[in-house]
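The values are calculated or read from the model by the stated rules, or taken from the named source; none is laboratory data. Please read these numbers as outputs of a predicted model, since none were measured by experiment. Here the Cβ positions follow ideal geometry from the backbone for every residue, glycine too, while neighbour counts run over all protein chains shown. The accessibility values were calculated without ligands, DNA or RNA, using every heavy atom of the protein model including side chains. Shrake-Rupley method; radii C 1.70, N 1.55, O 1.52, S 1.80 Å.
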Amino acid sequence: MSEYPSKIKTRKYFITAILLFIVQMLLGLIMSVDVLARDSSTNLPLTFDILKALHLNLMVLWLLLGFIGGLYYLLPAEAGRDIKHPRLIDIQFWSLLLIGIGIIISEIFFTGRNWWLVEGREYLEAGRFWDILLTAGLLSVVYNVIATIFESRNKLSSPILVLAAGAIGSILMYVPGEIWFDSIVAAEYFRWWVVHYWVEASFELIAAGVIALILLAMTQVRREIIEKYLAIEVALILLTGIIGQGHHYYWIGTPGIWIFLGGLFSALEPVPLFLMVWSAYKDLKENKKPIPNKVVLYMIIGATLGNFVGAGLWGFIHTLPQINFFTHGTQITSSHAHFATPGTYLLLVIGIAYLAIPEISGRLDFSHYRGKIGFWLLVIGFLNMIIALMIAGVIQVYQQRIEGLSFMSVQNTLFPYFEWRLIGGLIAFAGGLLIAYDLILISTIKVKTERNNINKEI
Amino acid sequence: MNNNRLILIGLLIPAILMIPFSIISFYTDFANRNPDPLSVTVDFDQNAYNAVEGKKAFEQYQCMDCHTIVGNGAYFAPDLTTVYKRIGENDAALSNFILSGASAKGMQPMRDRGMTEDDAYRITAFLKYANMLDTNGWPGAGSWERDGNPDSTSAKKLDFFDIWQVVSGIVFINVLIFAIILAYENKKNDREA
Ligand code: HEM
Ligand SMILES: [Fe+2]
């Protein structure tokens with residue numbers, strides 16, 4: 001079917017990622033009902049904190065699955081050889097899935113009961129036990145990637161280097177977040193290394209690398225041009241993002257130098273994100289070759305725009321310390337988080353899935369209809385949610401942080417906007433379901449014909 | 001310039017700068033700025049409970065996934081950085097609130113999670129310590145401060161007629177979004193035709 005047989009093994013990564021995304025949205029919907037009927041959740045086994053923990057942890061899991069799948073899928077063509085240890089691809093998948101199930105069970109049954117199983121720090125809720133397993137699993141992925149790169153026939157190209165750096169960075173940055181500190185200041189300092197250095201450095205490198213590889217594969221723009229832009233983007237992402245970390249250090253008990261450093265560097269973070277939009281726009285405009293896979297194109301354009309607007313602009317509006325003093329810990333943060341994360345990484349993962357699954361299944365002629373509708377439903381749904389949360393955030397800042405009303409009375413004022421958010425969530429959920437259905441459809445039909453072929457060959 | 005060298009420079013310059021910045025941050029945390037969590041204690045029944053044990057319990061019971069602490073966490077419940085002051089520095093009231101929760105407003109009684117009185121006292125010590133941090137003035141003072149009592153506002157019940165207040169906003173935003181979608185799809189069709 002393909003010159004790189006291990007590609008077929010990545011299919012389950014994408015399908016599982018998209019299914020976990022559906023579950024994540026379902027948890028989000030339940031939480032948004034919780035906010036509207038606060039007495040409902042306290043009687044259920046899934047209280048708000050458990051839902052929120054799973055909402056975040058499942059997201060981390062499917063992001064990792066999507067990225068690892070994408071890495072394994074894109075690497076062989078660049079390296080000019082198949083993955084070094086194809087069996088590991090399967091083993092890693094099942095171990096990640098088992099770890100995920102372990103995390104879910106721990107959250108539901110052991111929250112508050114065992115610190116080794118549930119650590120309860122936002123994003124790092126998975127207890128120490130799961131952290132160690134997860135780190136080991138991710139290290140084996142890095143090993144497999146590096147082993148493949150070392151024996152590659154081609155010279156190391158920059159997109160692959162950037163991807164590998166992003167993958168290694170993600171794991172390295174996970175470790176400091178796991179160190180125990182007596183001081184909440186030190187603990188938060190390093191917890192943000194995980195969160196910020198993932199989404200604004202390592203994952204951003206993976207995104208830039210993947211977008212560059214997809215543009216290389218789909219267009220006939222010269223490789224040097226794409227690689228030059230990639231290098232400039234990546235250099236700027238790191239230059240601004242690493243010290244831009246300071247925007248999480250304004251109010252956590254760290255010294256005042258961060259107000260200057262964080263404000264200055266994080267305010268520059270949108271620059272490379274704009275460059276990514278601009279270079280993609282230029283590449284696509286220059287390109288004469290027709291692009292058959294329209295769905296991937298939608299997702300990639302969506303991801304670059306979502307990255308610039310959701311991360312860059314929505315980040316910029318609350319990144320300056322003078323503003324962040326008021327917006328910190330309000331619905332403004334939530335609005336930004338629901339723009340930047342799905343806008344960039346969800347669309348990217350779906351984009352890779354739409355690139356990989358039709359090729360693996362040999363169904364390059366798949367109908368684009370459902371993918372496009374699903375894309376627009378996601379856009380409509382998330383934009384409704386983002387706008388609703390943004391307005392809610394402005395009201396919350398005014399009433400709670402300026403007028404000084406109590407938290408709960410402000411929550412009551414925000415009710416209509418939380419209802420609006422729920423509507424947005426439902427629309428996005430429909431889009432997610434449609435895309436999951438479409439991807440499963442594309443991937444399964446061919447399985448039968450493949451078996452037939454194998455039978456024929458035998 | 002060579003691409004890989006450019007990337008390496010982009011990585012190394014800020015990464016190296018992070019070393020002194022981190023050292024300064026940790027030095028000030030331990031030295032003069034914030035209290036040592038081991039030395040912040042509350043007393044109950046002649047026992048002293050310290051903020052380090054409290055931090056571990058705070059994590060274990062996952063307070064941070066409903067509440068925020070130093071502004072980080074979830075936005076379902078009030079920030080706990082200065083709750084110690086808000087509640088009138090009343091250790092007994094605070095530990096009691098943690099154990100009994102506020103079911104009608106979304107906080108499960110922590111007793112239901114198997115929380116012991118000892119853990120509640122430890123968390124009280126931790127919240128005392130959180131209130132002593134030098135957070136560059138965040139979250140500032142405000143009339144939300146109360147004396148010794150939890151927030152008396154009760155949570156609103158779900159009422160679908162609320163939504164009418166935002167219907168015009170919903171309609172406006174969605175017309176805008178549809179206009180963008182139509183414009184994009186039409187332009188693309190023109191180009192392809
Ligand atoms: C794709 C890239 C990005 C993603 C996925 C992302 C995601 C997030 C998420 C999930 C949070 C919430 C953390 C929490 O729950 O406490 C957050 C916070 C924040 N983000 Fe981003 N972000 C991105 C890029 C940016 C950029 C480029 C900027 C600045 C220009 C920025 C500025 C901020 C700030 C200031 C906060 C802290 C808000 C607060 O707690 O006061 N983000 N981001
Ligand atoms: Fe950040």
Every residue from the range B:28-84 that is basic (K, R) and buried (at least 22 other Cβ atoms within 10 Å of the Cβ): B:K55
Members of the range B:71-95 found to be within 16 Å of ligand 1 (Cβ to nearest atom), over 16 Å from B:G140 (Cβ atoms) and touching a strand residue (DSSP E or B) at 6+ places or on another chain (Cβ under 8 Å), listed by number: B:A74, B:Y75, B:A77
Qualifying residue in the range A:344-354 (condition: under 19 Å from the mean Cα position of the chain (by Cα) and within 16 Å of ligand 2 (Cβ to nearest atom)): yes
Enumeration of residues in the range A:417-441 that are in contact with a Gly (Cβ under 6 Å, 6 or more places away or on another chain) and open to solvent by 30 Å² or more (accessible area, probe 1.4 Å): A:I427, A:L434
Residue match in the range A:20-27 (condition: within 26 Å of A:E204 (Cβ to Cβ), within 14 Å of chain B (Cβ to nearest Cβ) and assigned to a helix (DSSP H, G or I)): yes
Long-range neighbours under 8 Å by Cβ, at least six apart or interchain, first residue among the aliphatic types (A, V, I, L, M) within the range A:245-256, second within 14 Å of ligand 2 (Cβ to nearest atom): A:I252/A:E188; A:I252/A:Y189; A:I252/B:G71; A:I252/B:N72
Failed criterion for B:A104 (all others in (1) within 30 Å of A:L414 (Cβ to Cβ); (2) buried (at least 19 other Cβ atoms within 10 Å of the Cβ); (3) aliphatic (A, V, I, L, M); (4) within 7 Å of chain A (Cβ to nearest Cβ) hold): (2)
Qualifying residue in the range A:325-336 (condition: more than 18 Å from the chain's Cα centre (by Cα) and of a type in the set (S, T, Y)): yes
In the range A:43-94, the residues that are away from every other protein chain (no Cβ under 14 Å), buried (at least 19 other Cβ atoms within 10 Å of the Cβ), outside any helix (DSSP H, G or I) and out of contact with any Phe, Trp or Tyr (no Cβ under 9 Å at 6 or more places or on another chain): none
Residue in the range A:300-318 that is nearest to ligand 2 (Cβ to nearest atom), counting only those that are within 14 Å of another protein chain (Cβ to nearest Cβ) and out of contact with any Pro (no Cβ under 8 Å at 6 or more places or on another chain): A:H318
Unique residue being crowded, with 24+ Cβ neighbours inside 10 Å and of a type in the set (S, T, N, Q) when the list is A:T341, A:T304, A:T327, A:T333: A:T304
Selection from the range B:110-121 of residues that are more than 21 Å from B:T68 (Cβ to Cβ) and either touching a Cys at 6+ places or on another chain (Cβ under 7 Å) or not aromatic (F, W, Y) (or both): B:R111, B:D112, B:G114, B:T116, B:E117, B:D118
Given (1) within 21 Å of A:G343 (Cβ to Cβ); (2) within 12 Å of chain B (Cβ to nearest Cβ); (3) buried (at least 22 other Cβ atoms within 10 Å of the Cβ), number of the condition A:L268 does not satisfy: (3)
Members of the range B:120-147 found to be more than 19 Å from B:F76 (Cβ to Cβ) and buried (at least 20 other Cβ atoms within 10 Å of the Cβ), listed by number: B:A120, B:Y121, B:R122, B:T124, B:A125, B:F126, B:K128, B:Y129, B:L133, B:T135, B:W138
Complete set of residues in the range A:173-223 that are more than 13 Å from ligand 1 (Cβ to nearest atom), polar (S, T, N, Q) and within 12 Å of chain B (Cβ to nearest Cβ): A:S183
Residue in the range A:143-155 that is within 28 Å of B:P109 (Cα to Cα) and assigned to a helix (DSSP H, G or I) present: no
Test set (1) more than 10 Å from ligand 1 (Cβ to nearest atom); (2) of a type outside the set (A, V, I, L, M); (3) more than 25 Å from A:H55 (Cβ to Cβ); (4) in a helix (DSSP H, G or I) - A:F325 fails condition number: (1)
Selected residue [at pLDDT 90 or above, within 8 Å of chain A (Cβ to nearest Cβ) and surrounded by fewer than 20 Cβ atoms within 10 Å (Cβ to Cβ)] from B:I181, B:I163: B:I181
Selection count, the range A:388-416, where residues are open to solvent by 40 Å² or more (accessible area, probe 1.4 Å) and touching a residue at least 40 places away in the same chain (Cβ under 8 Å): 2
Conditions (1) on the phi > 0 side of the Ramachandran plot; (2) open to solvent by 30 Å² or more (accessible area, probe 1.4 Å): number failed by B:P150: (1)
Selection from the range A:243-260 of residues that are within 16 Å of ligand 2 (Cβ to nearest atom), open to solvent by 20 Å² or more (accessible area, probe 1.4 Å) and farther than 19 Å from A:S202 by Cα: A:I259
For A:N324: the one exception among (1) within 12 Å of another protein chain (Cβ to nearest Cβ); (2) closer than 24 Å to A:M25 by Cβ; (3) within 13 Å of ligand 2 (Cβ to nearest atom): (2)
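Quick one: would you say B:F26 is among the aromatic types (F, W, Y), more than 16 Å from ligand 1 (Cβ to nearest atom) and more than 21 Å from B:M115 (Cα to Cα)? Before you say what the answer is, go through the steps one by one.
Values: among the aromatic types (F, W, Y): yes; more than 16 Å from ligand 1 (Cβ to nearest atom): yes; more than 21 Å from B:M115 (Cα to Cα): yes.
When the stated conditions are applied, B:F26 passes them.
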Residue list for the range A:246-256, restricted to those being closer than 24 Å to A:A311 by Cα and either out of contact with any Ser or Thr (no Cβ under 8 Å at 6 or more places or on another chain) or more than 14 Å from ligand 1 (Cβ to nearest atom) (or both): A:H248, A:Y250
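Listed here are the residues, each with its yes/no results for (1) closer than 30 Å to A:L238 by Cα; (2) in contact (Cβ under 8 Å) with a residue 40 or more places away in the chain; (3) of a type outside the set (D, E).
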position	(1), (2), (3)
B:N3	yes, no, yes
B:I16	yes, no, yes
B:D29	yes, no, no
B:N32	no, no, yes
B:F97	no, yes, yes
B:R113	no, yes, yes
